[in-house]
Amino acid sequence: MMFLAAVPGFSGDQTSLNPVGPGASHIEHTFALIFWITAVVYIIVMAVLVISIWRRHHSLDTMPDPQPTSAESDQRAQRMVAVAIGVTTVLLFTMMISSFAASRAIATMNYEQALTIHVFGHEWWWEVQYPSDQAWKSVVTANEIHVPVGVTIRIHGTSRDVIHSFWAPNVQGKRDLLPGYDTDLMLKVDQPGRYRGQCAEYCGEQHAHMAFYIVAQSQDDFNHWLQGQQKSAPPPATPQTLHGQQVFLTHACVMCHTIRGTTAGSRVGPDLTHLASRTTIAAGMLPNNTANLAGWILNAQNIKPGCRMPPNGLSGSDLQDLVAYLETLQ
Amino acid sequence: MTASTIVTPVELTESDRRHADRLEEVWKEPAGFLGWFKAVHHTTIGKRYMVTAFVFFALAGLLAGAMRLQLAFPEAHILSNDKYNQFFTVHGSTMMFLFAVPMMFEALSVYLVPLMVGTRNIAFPRLNAYSYYLYLFGGMMLWIAFFCNTGADRGWFSYVPLAGPDYGPGKRPDFWAQMITFTEVSALAVAVEIVVTVFRLRAPGMSLNRIPIFVWGQVVVAFMVIFALPGVVLSSTMLLIDRTCGTQFFNPAAGGDVLLYQHLFWWFGHPEVYIIFIPGTAIVSTIVTTFSRRHMFGYLMVVLALVATGFMAFGLWVHHMFATGIPQIAESYFTAASMTIAIPTGAQVFCWIVTLATGKVVLKPPLWWVIGFFFVFIMGGMTGIFLASVPVDLQVHDTYFVVAHFHYVLIGGAVFPLFGALSYWFPKITGRMLNATLDQVSFWLFFIGFNTTFFPMHLVGLRGMPRRVYTYQPGMGWTVLNQVESFGYVLLFLSVCIMLWNVYRSARHGTIAGSNPWNAGTLEWATTSPPPSYNFLYLPTVNGREALWDAAPNQPIVVGLHDDVRSFLTTRILDAEPDGHEEFPSPTMWPFWAAVSTGAAFVGSIFTPWGITFGAIPIAITMIGWFWPERQPAERRRAREIWQSE
């Protein structure tokens, strides 16, 4: 089915037509079956329609008197209609059973062996938690979900505010995150890579900018990444970053964000303990670099109007030091 | 065949002329500025519905243009996110609640059904006037709020908690919810009128198995309106009192449930789709019959398919909620139900094709629009199968694939037949023919423009573009397709402009149509074009499914009804045997005042719950005026009682 997506310059990292896991590929097989059946049926029906009109049409200016109908021809037509309805029913059942089979295959993915990741939808970003029995080992991050390749993942999700929908089409179909409900979505990624996902349920002002990435990597790389994330933020090593930390802790930043290892512990906005290890900011909207980070801190409302991050009137040197500090949070 | 006596002759005899004058005296709409607010005849109200619904269609279409401009470029800043969210919400809400249902159901059935069943007015004509004013006020309220930057911005289904008190500040969702209330009341009123008109006011001889398919379609829709709208009455009212009175129906923190809203909304929302397109299929059956020059093949099957669709439409709503994590066994049931509904629709398609294939097809503009309907609507039906399958739906739900699907279904199933209906019934409404060449031009522009706009949406959806995003990032592979879509909008815009010009010109300079320009078989063609204020000089009787084609050489007419009062004949439900006569109420201003006070109560309740309490007082006063009995000469009252007791 990739021909439907074929286009130069299209990376295909957010499409249901380029599956990289069993969930999306089961769906793609059902999709292909329905596509071919409906395409063929559509062409046949339209051809019959056009041929019938072509054969029976008259270019008359006046409307002729109504034609009597013959019982025999109507009876013949009745039989044809009955056959057509029969064929329709059989085809519908074929597609239905294929659909049930795909649902079943997805539903029987192994719960027991699965790695659990918690995902919480927020207006307009994703909170990601890797729970652990020992509190110090659990990891909180945002908008980038690292997963080991070939391991069944259980996304255990809910919403912190309005309804969002978790959707990374290359990996798996979508699942709504509803306030008041916990939902489980099973998925597995078979190929290493970065796959983009996006909120699929309209959630207000910045619904368009609520993306995330699934980063699939080998088990070793994943373990390494996870161990890195479990650490607290390193203490500032230079006077500049030390001042940056002071700026962070004495301005509005501390009201919403957490940096483990400091006194900042609020859970309103994304956890910034390892901000510099993430490749994007603002929920997949901007590459994580100095300029974007500075612009975002100064006035996020210019970049993502309506988002929850207030403008911050920092002096030039304060801003420079703050960004320098944030960039040490590997 | 057209020589039967049920057709109003061109040359009237002296006694006919006196009869016509007396009828005109009794039935004419009141004159003057105030008369405009007193009118109760179904053709007057029907035309107002048509014009108003078309204005809303055009307005919502312009919003679509602005959205297409914004989406033609990635990260464009033509519309802000706040404006865009209002634009798409008002576009969707207007198209669904202020255009599609009022046009396909209310406008067409109010104007055509009484003519097609052969009676002088719609049942409950004052209620009909009231329903129109409520619809008008509801639509105006939404749009005035929109022009004041208080446009609804939570999507046309305003899910909670996004539209709830915590996440939908201001009054935007309240205006949306009350617009729903206005249109609900209006549609319910018309539904009741249509059911009674069709079941009790049919021409003698029009037994159930001779009712025109168009009328059958509108009756099925009327029943669907009666059963579906209570769902949205509940959801929008609960939303409103969550917002204004502090109830917690949808607040999960207080034990409320966000999914309850979705169930209630889609209980209405899915049948709504069929409410919109069943009139479309009924138009298609009418046009196919007339332009194949034969009786509809499989009349019984088509009628049963309409009824079956009406029932099954209530068993599908959960397929809008597959992604919410409903238990799998329940989802499977709704997959099966959603696929099964393709069978009655398929049966109708096969019957149309057989009718065309065995008839003598005359290719006139109305039939071109119907051919467009076939190509577009059936494509929409095919993509519907993707959405019925749970796993596939989980990939395409809430993406541009769905946007493409429902525009194929709704524009294909409603707008194409509607433009066919315009070209088919325009001569009846105005007395003049629509210019066929311009009609052809607008058809081809519309057909090509439509497919250019909406076909690429399937692809862009499969490439991962979610719906309702005010912008997207470059490098997603969506830009070129979006630009093609935006170009298609230009063609659609031109097509509608040409059509408007055509209507404007043809209404003044078109060729005179005569009473039956298409040599069609249903009763609206038995009277002059446009119909007189009393519809028929003599009420007709019916001898077959196509009343004019099947009329006997001396098909009788109904005589003996008073022509000095607004009297009409009632008939029995099954066989349409006459069983009494009644009088229609006279024109009056009370329905207008009742609608004004109802509107004041609804708008007031946006700002304070007391709006309903105090608003009830003027409503009660105007309703008392409305139902105040009229004086009747004693002998006429006695005569009627004697007639009815016999």
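Things to note:
- Lone qualifier among B:Val503, B:Val565, B:Val496 - being more than 24 Å from the chain's Cα centre (by Cα) and either under 30 Å from B:Phe57 (Cβ atoms) or part of a loop (DSSP other than H, G, I, E, B) (or both): B:Val565
- Top-ranked residue in the stretch B:303-332 [being assigned to a helix (DSSP H, G or I) and within 11 Å of chain A (Cβ to nearest Cβ); ranked as surrounded by the fewest Cβ atoms within 10 Å (Cβ to Cβ)]: B:Ile329
- Just one residue in the set B:Val503, B:Val496, B:Val460, B:Val490 is β-branched (Val, Ile, Thr) and surrounded by 22 or more Cβ atoms within 10 Å (Cβ to Cβ); that residue is B:Val460.
- Each residue in the stretch B:426-466 was checked for being in contact (Cβ under 8 Å) with a residue 60 or more places away in the chain, assigned to a helix (DSSP H, G or I) and not aliphatic (A, V, I, L, M), and 15 pass.
- Which listed residue, of A:Asn110, A:Asn170, is assigned to a loop (DSSP other than H, G, I, E, B) and within 15 Å of the chain's Cα centre (by Cα): A:Asn170
- In the stretch B:134-160, the residues that are within 18 Å of B:Val258 (Cα to Cα) reach residues that are part of a helix (DSSP H, G or I) and of a type in the set (Asp, Glu) with C-beta atoms within less than 9 angstrom, at least six apart or across chains, in these pairs: B:Val160/B:Asp242.
- If you go through the stretch A:116-153 and pick out every residue that is surrounded by 14 or more Cβ atoms within 10 Å (Cβ to Cβ) and either among the hydrophobic types (A, V, I, L, M, F, W, C) or within 18 Å of A:Ser266 (Cβ to Cβ) (or both), you end up with 22.
- Out of A:Ile85, A:Ile97, A:Ile106, sole residue that is within 11 Å of another protein chain (Cβ to nearest Cβ) and touching a Pro at 6+ places or on another chain (Cβ under 7 Å): A:Ile106
- Residue match in the stretch B:522-533 (condition: within 14 Å of chain A (Cβ to nearest Cβ), closer than 27 Å to B:Ser285 by Cβ and not in a helix (DSSP H, G or I)): yes
- Residue tally, condition in contact with a Gly (Cβ under 8 Å, 6 or more places away or on another chain) and at the interface with another protein chain (Cβ under 8 Å from one of its Cβ atoms), over the stretch B:351-366: 2
- Restricting B:Thr119, B:Thr94 to those that are surrounded by 24 or more Cβ atoms within 10 Å (Cβ to Cβ), away from chain A (no Cβ under 14 Å) and over 15 Å from the mean Cα position of the chain (by Cα) reduces the list to B:Thr119.
- Subset of the stretch A:7-27 that is more than 8 Å from chain B (Cβ to nearest Cβ) and modelled with pLDDT of 85 or more - its residue that is nearest to A:Gln172 (Cα to Cα): A:Gly23
- Scope the stretch A:41-76; condition over 16 Å from B:Thr358 (Cα atoms) and in a loop (DSSP other than H, G, I, E, B); matching residues: A:Ser59, A:Leu60, A:Asp61, A:Thr62, A:Met63
- Across the stretch B:163-185, a minimum of one residue is classified as under 28 Å from B:Ser567 (Cα atoms) and modelled with pLDDT under 95.
- Candidate set from the stretch B:145-190 (those that are away from chain A (no Cβ under 14 Å), among the charged types (D, E, K, R) and within 15 Å of B:Val90 (Cα to Cα)); member that is nearest to the chain's Cα centre (by Cα): B:Asp174
- Candidates are the residues of the stretch A:176-203 that are over 17 Å from B:Ala323 (Cβ atoms) and out of contact with any Asp or Glu (no Cβ under 6 Å at 6 or more places or on another chain); the one that is farthest from the other protein chains (Cβ to nearest Cβ) is A:Pro192.
- Yes/no for A:Asp61 being farther than 25 Å from B:Val392 by Cβ, within 7 Å of chain B (Cβ to nearest Cβ) and at pLDDT below 90: no
- Looking only at the stretch A:8-67, and only at residues there that are hydroxyl-bearing (Ser, Thr, Tyr) and more than 34 Å from the chain's Cα centre (by Cα), the one that is nearest to A:Ile106 (Cα to Cα): A:Ser52
- Residues in the stretch B:333-350 that are facing chain A (nearest Cβ under 8 Å) and over 26 Å from A:Gln75 (Cα atoms) were compared, and the one that is surrounded by the fewest Cβ atoms within 10 Å (Cβ to Cβ) is B:Ala336.
- Scan of the stretch A:303-317 for residues that are surrounded by 19 or more Cβ atoms within 10 Å (Cβ to Cβ) and over 26 Å from the mean Cα position of the chain (by Cα), ordered by number: A:Leu314
- Taken across the stretch B:224-241, residues that are modelled with pLDDT of 95 or more and of a type in the set (Val, Ile, Thr) do occur, with at least one present.
- Note on the stretch A:277-310: residues that are more than 20 Å from A:Ile214 (Cβ to Cβ) and not in a loop (DSSP other than H, G, I, E, B) total 14.
- Test: A:Val162 is closer than 27 Å to A:Ala276 by Cβ and either of a type in the set (A, V, I, L, M, F, W, C) or buried (at least 23 other Cβ atoms within 10 Å of the Cβ) (or both): no
- Filter pass, B:Pro556 being buried (at least 20 other Cβ atoms within 10 Å of the Cβ) and touching a residue at least 24 places away in the same chain (Cβ under 8 Å): no
- Out of B:Arg508, B:Arg545, one residue alone is closer than 29 Å to B:Val7 by Cα, of a type in the set (D, E, K, R) and more than 14 Å from chain A (Cβ to nearest Cβ). It is B:Arg508.
- Condition met for B:Tyr84 (among the aromatic types (Phe, Trp, Tyr) and over 23 Å from B:Tyr472 (Cα atoms)): no
- Filtering B:Gly61, B:Gly139 for residues that are farther than 30 Å from B:Phe584 by Cβ and assigned to a helix (DSSP H, G or I) leaves a single hit, B:Gly61.
- Just one residue in the set B:Arg68, B:Arg48 is more than 30 Å from B:Phe487 (Cβ to Cβ) and within 28 Å of the chain's Cα centre (by Cα); that residue is B:Arg48.
- The criterion of being under 27 Å from B:Thr94 (Cα atoms), within 14 Å of chain A (Cβ to nearest Cβ) and in contact with a Leu (Cβ under 7 Å, 6 or more places away or on another chain) holds for B:Val258.
- B:Val396 being in contact (Cβ under 8 Å) with a residue 40 or more places away in the chain, at the interface with chain A (Cβ under 10 Å from one of its Cβ atoms) and hydrophobic (A, V, I, L, M, F, W, C): yes
The values are calculated or read from the model by the stated rules, or taken from the named source; none is laboratory data. Just so you know, these numbers come straight off a predicted model, no measurement behind them. We place every Cβ from the backbone using ideal geometry, glycine too, and count neighbours over all the protein chains shown.
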